[in-house]
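The values are calculated or read from the model by the stated rules, or taken from the named source; none is laboratory data. Because the structure is predicted, anything quoted here is derived from the model rather than measured. FYI the Cβ positions are ideal-geometry reconstructions off the backbone, even for glycines, and counts take in every protein chain you see. Heavy atoms of the whole protein, side chains included, go into the accessibility calculation; ligands, DNA and RNA do not. Shrake-Rupley method; radii C 1.70, N 1.55, O 1.52, S 1.80 Å.
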Amino acid sequence: GWPGFAAESGASRRLFAASSIKTYLLCELLRQLDAPDIVEQLEAREVALDSSIWSFGSPTFNPPDLSGVVSARTTLEAMITRSDNTATDMAFKLAGAANVRRFIADAGLVNTQVPDSTRALTGYLFGAPNYLTISWDELLEVVQGPMVQPFLNDVQTLASSAEDMVSYYARALQGEFFQHPQTLHE
């Protein structure tokens, strides 16, 4: 019964959004697998967990102490519930960064940008010329030096705006991006 109220200031300002961009990645991967049997698909799909994918900031898939094969569902749960960056890079490998960017563009989110991976982001921030293909051992070396790029940049970043997030969540949580209710539930 309260009258409507809206406050807005700089809603379209692009800001470093950190791990909040992970839901765009989750949504795109779920869109790719959208089906009544989404849970079974996620549990059956195997993802490699090894030095080819390890990234810093991984409280669940703790490199270099953990390797093997996990389900896509476990990967997504680690990415969302623990903000695990190795899991995020595993999800990027499954969904494809280009596909996530296409989804973001198609959704009209003009101030949102995702990196190729969190490993590429870290490599770029620390000035690695091979940031797109940097190995785990090379990443361990490069982070010993100074950070040379700002977190908010136009190459590898985690950026969005309040306007984009409100637009996205208002539609995503209502199921606009999925055809099957099972996908929205998941």
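Observations, loosely collected:
- Only one of 145, 175 that is touching a Gly at 6+ places or on another chain (Cβ under 8 Å) and not aliphatic (A, V, I, L, M): 145
- The test for being touching a Pro at 6+ places or on another chain (Cβ under 6 Å), open to solvent by 10 Å² or more (accessible area, probe 1.4 Å) and under 24 Å from residue 164 (Cα atoms) does not hold for residue 31.
- Considered as a group, the residues in region 140-179 that are in a loop (DSSP other than H, G, I, E, B) and farther than 23 Å from residue 109 by Cα include one that is most open to solvent (accessible area, probe 1.4 Å), and that residue is 144.
- Boolean, residue 109 is over 14 Å from residue 16 (Cβ atoms), open to solvent by less than 10 Å² (accessible area, probe 1.4 Å), in contact (Cβ under 8 Å) with a residue 40 or more places away in the chain and assigned to a loop (DSSP other than H, G, I, E, B): yes
- Taking the criterion of being closer than 18 Å to residue 57 by Cβ and not β-branched (Val, Ile, Thr), the residues of region 125-145 that qualify are 125, 126, 128, 131, 135, 136, 137, 138, 139, 140, 141, 144.
- No other residue among 60, 23 is among the β-branched types (Val, Ile, Thr), open to solvent by less than 80 Å² (accessible area, probe 1.4 Å) and in a loop (DSSP other than H, G, I, E, B) apart from 60.
- Any hit, region 82-93, residues being aromatic (Phe, Trp, Tyr), open to solvent by less than 40 Å² (accessible area, probe 1.4 Å) and touching a Leu at 6+ places or on another chain (Cβ under 6 Å): no
- Taken over region 34-57, the criterion of being outside any loop (DSSP other than H, G, I, E, B) and either open to solvent by 30 Å² or more (accessible area, probe 1.4 Å) or not aliphatic (A, V, I, L, M) (or both) is satisfied by 39, 40, 41, 43, 44, 46, 48.
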